[in-house]
1. For Pro39, work out the one condition from (1) touching a helix residue (DSSP H, G or I) at 6+ places or on another chain (Cβ under 8 Å); (2) free of Cβ contacts under 8 Å to residues at least 12 places away in the same chain it doesn't fulfil.
2. Do the conditions hold for Val46, that is, is it touching a residue at least 12 places away in the same chain (Cβ under 8 Å) and touching a Pro at 6+ places or on another chain (Cβ under 7 Å)?
3. Could you list, ordered by first residue, the pairs with Cβ atoms under 8 Å in which the first is in the range 17-31 and under 19 Å from Val46 (Cβ atoms) and the second is assigned to a helix (DSSP H, G or I) and among the β-branched types (Val, Ile, Thr), at least 6 apart or interchain?
4. Of everything in the chain that's assigned to a helix (DSSP H, G or I) and among the polar types (S, T, N, Q), which residue is surrounded by the fewest Cβ atoms within 10 Å (Cβ to Cβ)?
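The values are calculated or read from the model by the stated rules, or taken from the named source; none is laboratory data. Since the structure is predicted, the reported quantities are computational estimates derived from the model, not experimental observations. Note that we place each Cβ from the backbone using ideal geometry, even for glycine, and neighbour counts take in every protein chain shown.
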Amino acid sequence: MNIIRNYRNWRRYRDTVSELSRLSNRELSDLGIARGDIPFVARKTV
């Protein structure tokens, strides 16, 4: 079951990074996120 959980966590991370990467710099700024912080923020979702 660890494999399934790890895969789901990885997918959630990739989906979050993908979604945030599609936002403009202005939209990210409104959320208080710098473009370089996207991986860090995505890691917190897992």
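1. With (1) touching a helix residue (DSSP H, G or I) at 6+ places or on another chain (Cβ under 8 Å); (2) free of Cβ contacts under 8 Å to residues at least 12 places away in the same chain applied to Pro39, the lone miss is (2).
2. Here the answer is no, as Val46 does not meet what is asked.
3. Matching pairs, first to second residue: Val17/Ile38; Leu20/Ile38; Leu20/Val41; Ser21/Ile38.
4. Asn2
One line per residue, one yes/no per condition, for (1) modelled with pLDDT under 95; (2) among the polar types (S, T, N, Q):
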{"position": "Arg5", "(1), (2)": "no, no"}
{"position": "Asn9", "(1), (2)": "no, yes"}
{"position": "Ser18", "(1), (2)": "no, yes"}
{"position": "Arg22", "(1), (2)": "no, no"}
{"position": "Asn25", "(1), (2)": "no, yes"}
{"position": "Asp37", "(1), (2)": "no, no"}
{"position": "Val46", "(1), (2)": "yes, no"}
